[in-house]
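Read through the structure below, which is laid out as structure tokens, and then see the notes.
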Amino acid sequence: MLVDAHAHLLPRDYPADAPECFPRMEAIDGETARLLLFGTMRYRARDAFFDAERRIEEQDASGVDVEVLSPMPPLLRYDLPAVDGLSLARHVNEATAQLCAAAPDRLVGLGMVAMQDPDAAATELKALQDQGLRGVEIASNVLGTSIGDERFLPFFTEAQRLGTAVFVHAMPSPTPRLPASAMGTYVVGLEGMLAVASMISGGTAAACPDLRISFSHAGGGFPLVVPRAQYFWGGTWNEEPAVPERAIAHDDGPSPLDYARRFFYDSMVFDRRALRYLVDLLGADRLLVGSDFPAMPREDPAGRTLRSLDLAPEVLEQITWHNAWSWLGVDPPPVG
């Protein structure tokens, strides 16, 4: 059994009387795909983005049993006025709920909120639950501010109180230090790292110990950086017992790695050696399968590289199936 915990959707249409800042979806002659127009974006969206029947066909073709669907990240437009951002989020959430209702045993939905207004975003979480959505997707930064900033703490506190799962999608922010061509590669990795690190260093992880949160693409560069933070905290290599007098930045704990192992991470890292490292460092109980489908093609079959690691069957089943339900906080559907 396999859950793809990182897959995306787009609504098929938007209201004719929607604000001018909303996206548009236009028909393409002779195709089932539609053209997404959103600001300067022009994106050919294949029908699997918005058609439940096509999604199920694609799942069956690649060996996926369930998808966790989150909005295509460009829809997370935190630069919109808050009232427009809320209106857009509500339309996307309704479309997500309708899509998932067409195949509730195969499609699990995550909503979106207007994080440019953290208080309103927190208030909206209950409405997501009432629609049957199991969690919320947010970007790694809000207008350049990492999510671990104290202004977003009330949002995460409310997500923890409600038991709402949070999915953090790395969102590239333009930087003069790298060319635009690096946005989808290196900058995504930087953004993932900053998002996870900000949750630890900004105090949110300490304040919300029961928050169920996952990070796209294994948190980017975070897994390679957190051992350095562990050394600064403990003064030792290889996670050996801490020697506080040798540590550069010791506190009463938990340690950086303790915090890191509270989170979930999708294992879409494109290399079996990287996957092995994640299993060894973070633990098999912290990892999810992800694909970015249909924005990116899945492995054929899904989870092929993960299965090549020759993990024990019970460990493999953790990653492909059980961890997703633990993160979402729901009972898995019956098998068979």
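Search segment 32-43 for residues that are closer than 17 Å to ASP84 by Cβ and pair each with any residue that is assigned to a loop (DSSP other than H, G, I, E, B) when their beta-carbon atoms are under 6 Å apart and the residues are at least 6 apart or on different chains.
Taking only residues 6 or more apart or on different chains, the pairs are PHE38/PRO23.
Examine segment 4-19 for a residue that is without any contact (Cβ under 8 Å) to a residue 24 or more places away in the chain and among the basic types (Lys, Arg), and state whether such a residue exists.
Within segment 4-19, none of the residues are without any contact (Cβ under 8 Å) to a residue 24 or more places away in the chain and among the basic types (Lys, Arg).
Okay, residues lined up against (1) within 17 Å of ALA295 (Cα to Cα); (2) within 24 Å of the chain's Cα centre (by Cα); (3) open to solvent by 60 Å² or more (accessible area, probe 1.4 Å):
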position: ALA18; (1), (2), (3): no, no, no
position: PHE22; (1), (2), (3): no, yes, no
position: ALA27; (1), (2), (3): no, no, yes
position: ARG44; (1), (2), (3): yes, yes, yes
position: PHE49; (1), (2), (3): yes, yes, no
position: ALA52; (1), (2), (3): yes, yes, no
position: GLU58; (1), (2), (3): yes, yes, no
position: ASP65; (1), (2), (3): no, yes, no
position: PRO73; (1), (2), (3): yes, yes, no
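Among the residues of segment 194-215, is there at least one that is within 17 Å of the chain's Cα centre (by Cα), over 24 Å from GLU158 (Cα atoms) and of a type outside the set (Asp, Glu)?
no
If GLY303 meets every condition in (1) surrounded by 14 or more Cβ atoms within 10 Å (Cβ to Cβ); (2) at negative phi; (3) not polar (S, T, N, Q) apart from one, which number is that one?
With (1) surrounded by 14 or more Cβ atoms within 10 Å (Cβ to Cβ); (2) at negative phi; (3) not polar (S, T, N, Q) applied to GLY303, the lone miss is (2).
What number goes with the only condition from (1) open to solvent by 60 Å² or more (accessible area, probe 1.4 Å); (2) assigned to a loop (DSSP other than H, G, I, E, B) that GLU245 does not pass?
(2)
Given segment 107-201, what helices (runs of 4 or more DSSP H) lie entirely inside it while holding 1 or more residues that are open to solvent by 40 Å² or more (accessible area, probe 1.4 Å) and acidic (Asp, Glu)?
Filter on segment 107-201 gives 118-130, 153-162.
Can you find, within segment 233-279, the residue that is modelled with the lowest pLDDT among those that are farther than 26 Å from ALA312 by Cα and in contact with a Pro (Cβ under 8 Å, 6 or more places away or on another chain)?
Only one residue tops the list, namely HIS250.
Under the condition of being without any contact (Cβ under 8 Å) to a residue 60 or more places away in the chain and part of a helix (DSSP H, G or I), which residue from segment 311-322 is nearest to PHE215 (Cα to Cα)?
The qualifying residue nearest to PHE215 (Cα to Cα) is ILE319.
The values are calculated or read from the model by the stated rules, or taken from the named source; none is laboratory data. The structure displayed is predicted, hence computed values, not measured ones. Positions of Cβ are backbone-derived with ideal geometry, glycine not excepted, and every protein chain shown enters the neighbour counts. For the accessible areas, the whole protein counts, side chains as well, though only heavy atoms, and no ligand, DNA or RNA atoms are used. Shrake-Rupley method; radii C 1.70, N 1.55, O 1.52, S 1.80 Å.
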